[in-house]
């Protein structure tokens, strides 16, 4: 039996609508993450939804991480002060040697140079012997007053806002399967709508059918795909034909991936030490360092302290102690790098996050990526509709040209 004239038009329509569905989904996904910075001219431009709302997105992620998953005390309570001191013993000895020589040369160059080398070494070794205990006591004080010296929320938000690529990765990797589903769903939804379009075209031959169906495909497939990701929260259906929101259905895999990313890229020993020593509460940490260092210096001068004060002057003596504290604070980031491996092992952030994430309710769990879809969701759906309408117009032009 011969095919009717123009049969290829009806075959092409579902295929073309499947293409519209797929392309509009890919564009919507890219618009969520790219570009990282605004590109365009004046008001005519675009910045990825997540990078554009970096502060808000970071705050949402931070609230979940720091209020439901892990807190400052969960982190620092796992560090053994004596173990930290033992791990830092070697770099501490070197740092104390350098600090002592620099400070003494700065404040008492004549006295220091006239001392025999054996006397210098004796003083340095006495201070070195005290250093591990100073570090251990300092860590105990920090642990006891952690909320006053360590701002985990600021650390998380600051790092995510500064590193938009990392912020993108948190949402992209947590929702990797969901984004893939959105793109693929556009093909099947678009193909189904294209079949209806072909029938409608056969009955009406109205040129408005094609762009209107294109717009509907772009809008409806975006909207439906987003709904299927999060709803229903519990499996529903009959017999073997059941469906649960895709993101919740693969909760265990999301948990593992999300926890690994946070532990490896965000709440790391390096970032924790950086926030502790250079964060908004660093002045309080310095006050603690100063108190412990000055106590150690006083302990080393011992019964000779009045003579030392008399020799160098009370004001000068206080300057020396402050200079030592400043030198210690300056060298702490480099020194603490030696204890990062132990810290990572002791904290085991990933295991903690996995355990806490399993305790989240469904509503709390979907907040891992839900904000990425909620922010300017209407814009993404509207863009899908506009692009679908435009591609429908291309169909009309193609029909006029080749039919």
For residue 197, work out the one condition from (1) closer than 24 Å to residue 31 by Cβ; (2) surrounded by 16 or more Cβ atoms within 10 Å (Cβ to Cβ) it doesn't fulfil. (1)
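Only one residue in 143, 169, 125 is without any contact (Cβ under 8 Å) to a residue 40 or more places away in the chain and either under 22 Å from residue 269 (Cα atoms) or in a helix (DSSP H, G or I) (or both). Which one? Lay out the reasoning, then the answer.
Working: 143 fails: without any contact (Cβ under 8 Å) to a residue 40 or more places away in the chain; 169 fails: without any contact (Cβ under 8 Å) to a residue 40 or more places away in the chain.
Answer to the selection: 125.
Which ranges mark the helices (runs of 4 or more DSSP H) fully within the range 1-111 that have 1 or more residues being within 24 Å of residue 384 (Cβ to Cβ) and at pLDDT 75 or above?
Details: elements: 7-33, 49-52, 54-64, 72-76, 81-87, 89-107.
Helices (runs of 4 or more DSSP H) meeting the threshold: 7-33, 49-52, 54-64.
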Criterion (surrounded by fewer than 18 Cβ atoms within 10 Å (Cβ to Cβ) and within 21 Å of residue 75 (Cα to Cα)) met by exactly one of 147, 151: 147
Residues 233, 227, 321: which one is exposed (fewer than 15 other Cβ atoms within 10 Å of the Cβ), at pLDDT below 80 and farther than 24 Å from residue 158 by Cα? 227
Scanning the range 24-49 for residues that are out of contact with any helix residue (DSSP H, G or I) (no Cβ under 7 Å at 6 or more places or on another chain) and either within 19 Å of residue 193 (Cα to Cα) or crowded, with 18+ Cβ neighbours inside 10 Å (or both) gives 47
Select from the range 173-182 the residues that are in a helix (DSSP H, G or I) and out of contact with any helix residue (DSSP H, G or I) (no Cβ under 6 Å at 6 or more places or on another chain) and write down the one among them that is nearest to residue 24 (Cα to Cα). 180
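Rundown of residues vs (1) exposed (fewer than 15 other Cβ atoms within 10 Å of the Cβ); (2) at pLDDT 80 or above, yes/no style:
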{"residue": "243", "(1), (2)": "yes, no"}
{"residue": "247", "(1), (2)": "no, no"}
{"residue": "272", "(1), (2)": "no, yes"}
{"residue": "275", "(1), (2)": "no, yes"}
{"residue": "281", "(1), (2)": "no, yes"}
{"residue": "286", "(1), (2)": "no, no"}
{"residue": "293", "(1), (2)": "no, no"}
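The values are calculated or read from the model by the stated rules, or taken from the named source; none is laboratory data. Note that the structure is a prediction, hence the values are computed from the model and not measured. Reconstructed Cβ throughout: ideal geometry from the backbone, glycine too, with neighbour counts over all protein chains shown.
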